[in-house]
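The values are calculated or read from the model by the stated rules, or taken from the named source; none is laboratory data. Remember, predicted model here, so these are calculated numbers, not experimental data. Backbone-built Cβ (ideal geometry, glycine too); neighbour counts: all protein chains shown. These area figures cover heavy atoms from the full protein model, side chains too; ligands, DNA and RNA do not enter into them. Shrake-Rupley method; radii C 1.70, N 1.55, O 1.52, S 1.80 Å.
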Amino acid sequence: MNDRAEIGAGAAASGPSDLAGATRVLGRFVAELRYERLPEAVVARARLALLDWIGSAWAGVAADSARRLGQVMVELGGAPECTVVGERLRLPLLHAALLNGVEAAVYEVDDVHLDCRIHPGLPVISAAFALAEREGLGGRRLIEAIVAGYEVIVRTAIALGVKHNECWHSTGTAGAIGAAAAAAKLLGLNAEQCAGAIGLGATQGAGLIDGTEGQALAAKHLHGAKAAHNGILAALLARREFLGSRTALEGEWGFVRAFGRGTEGERRALLDRLGEHWYILRTISKPFACCLSAHAGIIALLDLVRRHDLGAERIESIEAYVPPSAYYMIKNPDPRDELQAKFSLPFCLAVAAVQRELGYRAFEDATLFDPKIRALMSRVSLETRDTIGRIETLVRVRTKSGEALEHLAVRESLDADGIVRKVRGLLLETMDSARVQAIVEAVSAVDDCADLRALGPIFSGPAGPSSGSATRMDNARR
């Protein structure tokens, strides 16, 4: 038996035979999805996703990653087709999607999902908004694209399995597929073309997890943004009958087999109750500007210090028990800059204990190098337990008087009102309240917008003070 046949035999034993026809099924779902048939709750959540994305992008305008990528985009030049959120700059379609995606990623307030480790808005909305603006499409078409993209990206990420994230960043791998679905929907592609666009997205999927724990975060910022870029390209090519494999997801040499580490149950999510069970409704809007894997621990500790009126001076040590899948992302015991701090649960817990909150300014140098916080951070231990659920963290505080207090918490999302407050806070340091209100109102009425090019001037710059996003973010807590 030759090598290819031997590999194929192994795939037959464990491969995705339960996903027969998946790429074309998803292509047909995307092509046939209609705004008028969407549940109102789904439409409302898509609007909130758009608003959350805009706030996240504004937060990242002044960040180094966005600034440096923006310089490259200007250097490359091209037609001023699309808005860059928070900037007066207009860029060609693919460049705008790329830069908006990095802006939305860098401050770690972009949306995530309850059922898998993915940031759906980064690739999906970064692609969809730029393309819809360039094409002069209406708001209902944008809503359709967001819903289609979220369903495809989340279902794909779940199907890849939790263990996929041991090597890969699913926002980059599955992200190109979700962005391709959103872009294909906007372009009005037929079912076969949508499947071909998904195939082209799949073949461009990439994003190494190496470095995302704090040593090479600029690469992490690029993953979802490049997925947006790749998804648009996939759909534009598919419109011209330049099609990817229509068995790209489930094929013997396809995406799920190449990247997937999922169980049969996880793979089933790719198609299960498609068009009936809406994964966009399980999107999480972050209450803290740090890695989602740290959120349950922060919630648990804040509950303990507030409920028991624990001052930091009373704390002898803090123990945090996390699921193995979360550990590598948040294990950094000694963060040395703002971005590393966002991926350090020991730092986040020390700040939460000392300040009784984790505000958006908490990751600045003044807090990061505060002697009181660093002293407590050195007494935070982080361990894994197989018994801790994927979205849970158990925190135990040992006091100097000998008490042991513990709380098990789960990740939580902001509700609709919380998302609006969050985004208002993200914007208030760079514009007056009247303009903030105009942005919020424009998104809330986006369904009725006949041409999204009208929203470009509302969402664009100036970006505001060079001190950047930390000051803007702090208002989100008010």
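General remarks:
- Nearest-0.05 FRET efficiency for SER401 and ALA218, computed from C-beta distance (R0 51 Å): 0.70
- Rounded to the nearest 20, the Cβ-based charge dipole of segment 234-378 about its Cα centre (Lys and Arg +1, Asp and Glu -1) stands at 380 debye.
- Label-to-label distance, nm, for residues given as ASP64 and PHE242 (7 Å Cα→Cβ offset): 3.6 nm
- Label-to-label distance for GLU264 and ASP334 is 4.9 nm, based on points extended 7 Å past Cα in the beta-carbon direction.
- Principal-axis tilt of helix 191-203 within the chain, Cα atoms, nearest 10 degrees: 50 degrees
- Calculated FRET value between GLU192 and SER460, using beta carbons and R₀ = 41 Å, to 0.05: 0.65
- Evaluated at q = 0.06, 0.07, 0.08 Å⁻¹: base-10 log I(q)/I(0), Debye formula over Cα of the chain: -0.25, -0.34, -0.45
- Rg/Rh for segment 120-175 (Cα atoms only, Rh after Kirkwood) is 1.08.
- Among ILE298, GLY244, PRO92 - extreme Cα towards positive end, dipole of the chain, charges at beta-carbon: PRO92
- Carbon/sulfur fraction of accessible area - segment 368-436, other protein chains in place, 1.4 Å, %: 48 percent
- Per-residue packing, averaged as other Cβ atoms within 10 Å, sorts the ranges 320-326, 50-56 into the order 50-56, 320-326, beginning with the highest.
- Burial order of peptide ranges 29-41, 147-159, 368-380, 258-270 (average beta-carbon count within 10 Å, highest first): 147-159, 258-270, 368-380, 29-41
- Two-decimal Rg to Rh for segment 58-97 - Kirkwood Rh, Cα set: 0.93
- The count of lysine pairs in the chain that are at least 8 places apart or cross chains, and whose C-alpha atoms lie under 15 Å apart, stands at 4.
- Angle in degrees between helix 22-32 and the longest Cα principal axis of the chain, rounded to the nearest 10: 80 degrees
- Normalising the Debye intensity of segment 388-469 to I(0), with uniform scatterers on Cα atoms only, and taking log10 at q = 0.17, 0.26 Å⁻¹ returns -0.81, -1.26.
- Taking Cα centre as origin and charging only the Cβ of basic (Lys, Arg, +1) and acidic (Asp, Glu, -1) residues, the dipole magnitude of the chain rounds to 160 debye.
- Computed label-point distance, nm, for sites CYS167 and ALA375 using a 7 Å Cα→Cβ extension: 4.6 nm
- Most to least packed among 231-243, 116-128 [average Cβ atoms within 10 Å]: 116-128, 231-243
- Axis angle, to the nearest 10 degrees, between helix 3-14 and the longest C-alpha principal axis of the chain: 70 degrees.
- Kirkwood-type radius of segment 47-172, with distances r between different C-alpha atoms, in Å: 14.9 Å
- Gyration tensor analysis over the Cα atoms of segment 69-127 returns equivalent ellipsoid semi-axes of 24, 10, 9 Å (largest first, whole Å).
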